[in-house]
Amino acid sequence: MKTVVTVLGTRPEIIKLSPLIPLLRDRFRHILVHSGQHYSFEMDAVFFAELGLPAPDYTLAVGSASHGEQTARMLSRLEPILLATRPDMVLVQGDTNTAMAGGLCAAKLNIPVAHLESGGRSFNRQMPEELNRIILDHIATLLLAADETAERNLLAEGLPPERIRMVGSSVIDAVERNRQHARRSTILQRLEVTAGDYLVLTLHRSENTTPDVLPGMIRALGELAEEHTIVFLLHPRTAAAMRTCGIEMPRSIRVSEPLGYLDTLRLVEQARALLTDSGGLQEEAGALGTPALILRNETEWRYLVDAGRHVLIGNTCESILAGARQWLQPEALARLRAAPAPIRSGASERAVAAMIDVLESVI
Ligand code: UD1
């Protein structure tokens, strides 16, 4: 039986790989490695419990650090595990430091790498995630792309078409599997909000949490919260950046700790709209039928913007206020909601089938 090692370590990777893990365990000797990039209960363990995932076989316990330090710890701690377990393929997902380090470590040992969510590009090299994606796609053997745009991006960078498989996005599978279960969540009662009558806010991207950008964003969101109920799911990076920049949380904003997966699905499903700079949540909102106003100037998940379901409103005080006031008008929101979103399930099965294909033809 072939051996596959999956390396993960952050909240979005746990969610997006969750529908693949049972399929991998059925078909391969499967070894799960957790980098420890995320370690707080609400950023990590809660998802393993809710998504019914097996405990990791190995934990690298790298914790938080600068990019160089964190990546170095991952490389040096993962290498002996890959040497000992001798996998036929290493699977990583997305654009985090964990994914990049997992892929790089494997590629240097001549172990084929499968990259899920390959080909996403923001064309903004200031983002650490953009660099991670580019590196990963150029060292991976199997490029599992989510959509045509991702496939085009890979071809434009000269990557060979035979390495690319367009499989779709596994976020959709995770939402479909858990949506029903999430209806039992009591999060609306716990936060004392009424279905359809509040906005959910998340904000954590490194380019949005700088001293140049964050104060203006919080000012705009505080002002908007005078007009709408806003529930802010506060990421630890953003909480730390607000402390560093000396920004007070506006009293109009309702703040919550990061939530578990099922509570998040329920809260987003029942929201009037989502304000976010997250990638995973854009797709989750798309699958749940909730429009998203994206707090960025570009997105790697273009298909929902192109379909007219989500809109980009930028990350300055002025652009957020203007965009939100325009798109939160009832008629504008109704148009976003009515846009037919091209949501396709089954990416997880297609991705695992592509891995089987490659493993059977390579070895
Ligand atoms: C990482 C990913 C980002 C992804 C995000 C999801 C990279 C380069 N970025 O960003 O693409 O969207 O995960 O959350 O890999 N912290 C905690 N507890 C934790 C983890 C982090 O308190 O469990 C705090 C620490 O202060 C840490 C900061 O959050 O320094 C940032 O964490 P880090 O993992 O470096 O990056 P994220 O912002 O989470």
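Taking the criterion of being assigned to a loop (DSSP other than H, G, I, E, B) and under 12 Å from Arg254 (Cβ atoms), the residues of the range 186-202 that qualify are Glu192, Val193. A count restricted to the range 20-38 and to residues that are under 23 Å from Glu284 (Cα atoms), of a type outside the set (A, V, I, L, M, F, W, C) and surrounded by fewer than 21 Cβ atoms within 10 Å (Cβ to Cβ) stands at 1.
Among the residues of this structure, Glu207 counts as one that is within 16 Å of the ligand (Cβ to nearest atom), touching a residue at least 24 places away in the same chain (Cβ under 8 Å) and either among the charged types (D, E, K, R) or on the phi > 0 side of the Ramachandran plot (or both). Against the numbered list (1) crowded, with 22+ Cβ neighbours inside 10 Å; (2) under 16 Å from the mean Cα position of the chain (by Cα); (3) of a type outside the set (Lys, Arg); (4) within 12 Å of the ligand (Cβ to nearest atom), Leu17 comes up short only at (4). Listed by position, the helices (runs of 4 or more DSSP H) inside the range 255-317 whose residues that are among the aromatic types (Phe, Trp, Tyr) and at pLDDT below 95 number at least 1 are 302-306.
Checked against (1) surrounded by 21 or more Cβ atoms within 10 Å (Cβ to Cβ); (2) touching a Phe, Trp or Tyr at 6+ places or on another chain (Cβ under 6 Å), Arg296 passes all but condition (2). Note on the range 126-155: residues that are away from the ligand (no atom under 16 Å from the Cβ) and part of a helix (DSSP H, G or I) total 10.
Within the range 65-115, take every residue that is near the ligand (Cβ under 10 Å from one of its atoms) and without any contact (Cβ under 8 Å) to a residue 40 or more places away in the chain and give me the one that is surrounded by the fewest Cβ atoms within 10 Å (Cβ to Cβ). Restricting to residues being near the ligand (Cβ under 10 Å from one of its atoms) and without any contact (Cβ under 8 Å) to a residue 40 or more places away in the chain, the top hit is Ser66.
The values are calculated or read from the model by the stated rules, or taken from the named source; none is laboratory data. This is a predicted model, so every value here is computed, not measured. A quick note on method: Cβ atoms are made from the backbone with ideal geometry, for glycine too, and the neighbour counts reach across all protein chains shown.
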